[in-house]
Structures are given as structure tokens and as C-alpha cells.
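The values are calculated or read from the model by the stated rules, or taken from the named source; none is laboratory data. On a predicted model such as this, the values are computed, not experimentally measured, just so you know. Ideal geometry is used to build each Cβ from the backbone, glycine not excepted, and the neighbour counts take in all protein chains shown. Protein only, heavy atoms only, side chains kept; ligands, DNA and RNA dropped before computing areas. Shrake-Rupley method; radii C 1.70, N 1.55, O 1.52, S 1.80 Å.
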Amino acid sequence: RLSRGTGHSGVYPTSIAWALDTARCVVGQDSGAVLRMGSCEAREAQWMVPNAGAQASGLIHWAHDAELCVNVRDDERSLELVPCDKYYSSMLWVMPKDLAGAIRWGNSRTRCLSWAGDARDTAVELKDCPLEHVKVRPEALFLMAAPAGRHSAPSRDFGQYGFVSELWAPAHDIKERIEQMHADFGVTEYLMYGVFEGFSRPPTVWAKNWRTKLGNNEVVREALLAAAVTIRMVGGRSWLYLVAGATDPEDDELRGGFQAIDPYLLHRSLGHKWFELLQSASPAASETAQRKYQQACGCAMKVEDLWKDVCCKAFAELPAEDRARWPMPDVRQMMTDKNCEVQAIDACVAGSADTVLEAVVLGPAWAIRQVPRWADFAWSVGLTGIHWDALTNLQEKQHADIPGFLKAALPILRARNLSQTMNFVDGFGFDPAMFRPPDGHGGLIAFPFIEVTHGARDAVQKFSHQLGRGFAVAAFPGYHKSHCCAANERQNAHEYGKEPFELGLERWADACRQGGTYLLMGDGNRMAQGPYLPGSMVLSDEETAKVKKHVMPHCRRS
């Protein structure tokens, strides 16, 4: 029984997990004792907080003894549990809007709960924090569980997968292309590719058009809105493509306090992923298609032409702290021992300086900082969810917490009636439990999306055993039957002599037979050859008819 004036209405039970390590939670003790961080498994780690749907304010009750509430001591720094009294302003707290973020003191909203992560000093403290959400330091970010079933996304059938990337086209053309993909190929899942203006933040709400940093293509808001409406009319879902963890290179403030992915390794990986976009020199327009391919991919290179990349790879294998000291004599000697001259390494370093983005290691704290602004944008243009591109295997090398990122992002998205999915590169980060509803109201992701970068021949069979039915696979079929892009077509290493179009049809039919789908078609009648989708190839009427004849019988909508 609660005493008079405890302010106990409109609360729900939850843990208060630290975003930098979600196994650590705020733990209560006896009355008058300092609040500390401890295991989230402890029963003392349960709290009753104001319903945070609209940045609610109120008391934070200790679930172990609901007569006790969190109070700020007279030093305005340390925290304790005392008998609840809603008329004491030192006990009032403002909860984060999306169940994730800074927990602010009602007396001064520029003061927040914080923990430095020091195992020797587990006391939770009140520290200064800026009012602007994206400027709050990671150590002041906390995550609370949503009430069961709150804003849950409805389940639905799963059809074929396609993409929309030419959002500079007139709205009526976009509408016709979407309807064509739905009618011809059964597409119900549409990846909205290259919609963002920059990597750090969405376009302003009043912008009618903008240019994306990924290819400098124009995006017209009217075309984007028309696409979203048309997709809903055909019973589909639209997924905003975003690079998870990415920021604009100059945005040091947004990355502040987070672990950055090594810029040198990131540039090399992006050079492979988006080589069509990022290669330094484009082939002349008069070149034949085969010559363009050879020039872009290096099929006809001599051994000495590969010298630079071999040395760049050797340099990338050095520890980051050694690369940062280039060209100190000991580092120069390391590379000389690998038969790499100074000029070659200088060229490697110079080539990585002009990068299109920088990125941080994924985890719950990054989701809390960055997801709300993108969720607001996706909702404002009528899209139904976000597709997170996890980049290459760099997140794996940096021990990224992929499940933690998705778990923290989920309530933020659900509050706007949005869903999410992610491309798991070669399966890294995927756990079948992500797809199973933990509370009976939907899993972490709407469906699994696997991007295969090597060994694609048996990839569908390998992953289908883990994924069950209703998954998507991207194993791009390449640009030429030689498949000699060693760096950019490792997934096609064993397909020499097979035309990309035929290879794509085989993989699509195989994915459908296994209960999933395959990313091949988009923008009406274009075939994706690689991960940079605006560079896709237009199919002829005969090729389009062949897709419908040889693939669609295997791809009945489930």
C-alpha cells in the first residue's frame, strides 16, 4: 500500500540499463544508501518509472520497495533512496521520450544521471549534460524496456524484394515503376536507396529536393512521397536505406565519446563495396563494355599495376597505432621488409584521406544518439521502416554489439509505428532469436537480410537452415562473365564464364525454393550488378520476360 503523496500513478516496471554496457543497471539499496551500478539480473535493479511516451516527469520508485524513490542529495551530485514525496522537487525526474536517452533532473534539466564506467567506483552520479539530445555524452545514456506490446508492428506476409533508387525521376514515373515491379515480379519489400542527404542527419523538413552524398544524385521529396504512397497502395513496405554507424567525415561532435572504426580500414572496405562510385578515374565513355569492366576491376592489370594494392593491404595489416606513426623510420622498415617502398605507402595513405564517410562501432548508445532523428524523417515521408547497412566485416573486427544496437533502436522506431531490418554481412551479428517475438509482439527485426560477399554458391542453403521462411539474400551477380573483380566480386569467384544475368536468375530461383527472396530487380526493369544500386543495368523486354518465365514460378508469394 502506497502512502499519500507518493505520486505512484502512471508508472510501469523496468530496469534502467547503461547504454555502454546493457548488462549493468542502476541498482537500489536500503534507504539513505548511495545508488550504484550492478547486475541487471538482480531483483534490486527493477524500478517503476513515469510512462516515458511523451517525456513524462515524476518520481522513480524502487520496485523492491515502492515507498522509496530516487532523490538527489544536498551536494547535487550523489543519489540515494528516501521515502517518496512528489512535492519534493529533488525527487522529480524527466524521462527520455523514446524510453532511451538521458534521464534529467526535474530541478535542472541540464543535469543527468551518469556513470563513468569505473569498476572501482560504481556510484551513479548527477552530472552536467547539454539539452540537445545528440550532444549528450554516451556515459549519460540509459535504456529502459518498453511495456509489453507497446506500439508493436503487425505481422504480415512476405513477398519479393526490390529497390527504388532513381528518386530524381518524375513522380508518375516512380509510381509506374513500383506498380510494374509489383505486377511483374511480386515485389512487396522496397529498399529506398540513397535517399539521405548526408550521413549524419536527415534533410530539413522544408527541403523540396537535395543531393545525396552517396553519388551526388538528386532526391525530390515529391517523388519520395509518391513512392511511399504507391508502395502502401500495392500492399508493400518501404525501407529507408541507412549506413548504420556512419557520419559525415567532418562531424567530430556527433562521434564524440564513441569508438571510431579505423578510417584507413574503412576507406579500403568502402572502396571495395562502392568501387563503381569511389574509383579515382572513370573509364572513357568511348570504351567498350568489356574494357570498362577491365579498367574498373583490374582484370587486365599487370603484376606491377597491382603493386600499390598489395602494399596497401600489407600496410592495413599493421596495428592502427603503427599506421598513425607513418613515415617514422621503424614503420618504414616494417614496410621495406614486406618489399613495399615509401612511394607506394604514401600513395595508400593519400588515397584514404578523401573519404565519403566515417563510422563508429555499433552499440545501444549509438542507437540512442542517432536513431530518433532518422526515425522522425522516415515517418515524415511515409516510409514503413529502416534498413540498416552494417557495412563490411569491420563491425565484427571491432566487436560491435549488433543485437544491442537493434534492441535499443526498436522502441524508438515502434513509437513512430516503424519497423527495422539489417543486412547481416556473411551472417555476422545474426541470431535467429532476433526474428522470434520475445514478448509475442514482434522480434527485433521484421525479417533477416543476409549480404553475401564470398562463397555465394552454397550461401542460400547455408543460411536458410538458420533463417526459416521469409528472408532476403543479396549476393550480387557481378558485371561480366569473367568475374575477375578479385576485390569486388569475391562472391562470384567460382562462377567464371557465367553471365551475370543468368547467375542472378539462378540465385533468385534458389532463394525462393528455400523460402526466401533475392535482391536483383529495381527501378522498374533494372538488374542490380553490385551493391551501388543506382549503377544497375537496364534489362531488355526479352530479358524481363525471361525473369517472369524462369524465376516467378518458384517465387509464389508466401
(Q) Rounded, prolate or oblate for region 61-149? Axes are the square roots of the Cα gyration tensor eigenvalues, ordered a ≥ b ≥ c, and the cut-off for rounded is a/c under 1.5. (A) rounded
Q.
If you count only protein heavy atoms with a 1.4 Å probe, what accessible area per residue comes out for region 44-138, rounded to a whole Å²?
A. 44 Å²
(Q) Give the residue list of trypsin sites (Lys or Arg not before Pro) in region 78-138 that are DSSP loop and have at most 15 other beta-carbon atoms within 10 angstrom. (A) ARG120
Q) Is there a pair in LYS213/LYS498; LYS213/LYS548; LYS97/LYS175; LYS213/LYS313; LYS338/LYS498 whose C-alpha atoms are over 28 Å apart, and which pairs would that be? A) LYS213/LYS498; LYS213/LYS548; LYS97/LYS175; LYS338/LYS498
Q) To the nearest 20 debye, what charge dipole does region 207-253 have about its Cα centre, counting +1 at the Cβ of each Lys and Arg and -1 at the Cβ of each Asp and Glu? A) 520 debye
**Q.** Placed amide H near VAL195: partners under 5 Å, 5+ positions off or other chain
**A.** TYR241
Q.
Check which residues have an amide H placed less than 5 Å from ALA145's amide H, if you skip close sequence neighbours.
A. SER15
Q: Please list the non-local residues whose amide H lies under 5 Å from the amide H of GLU451, H modeled 1.01 Å from N, same-chain partners needing a gap of 5 or more.
A: PHE424, VAL425, ASP426, GLY427, ALA474
Q.
Which of rounded, prolate or oblate describes region 232-275 when judged by the alpha-carbon gyration tensor and an a/c cut-off of 1.5?
A. oblate
Q. What ranking do 536-549, 509-522 get when scored by the average of other Cβ atoms within 10 Å per residue, highest first?
A. 509-522, 536-549
**Q.** Qualifying aspartates and glutamates (Cα of each under 12 Å from Cα of LYS273; at least 8 residues distant if same chain)
**A.** ASP389, GLU451, GLU489
**Q.** Rounded to the nearest 20 debye, dipole of region 228-273 from Cβ charges on Lys, Arg, Asp, Glu
**A.** 480 debye
Q | For GLU321, net neighbour charge (Lys/Arg +1, Asp/Glu -1) across residues whose Cβ lies under 13 Å away | A | -1
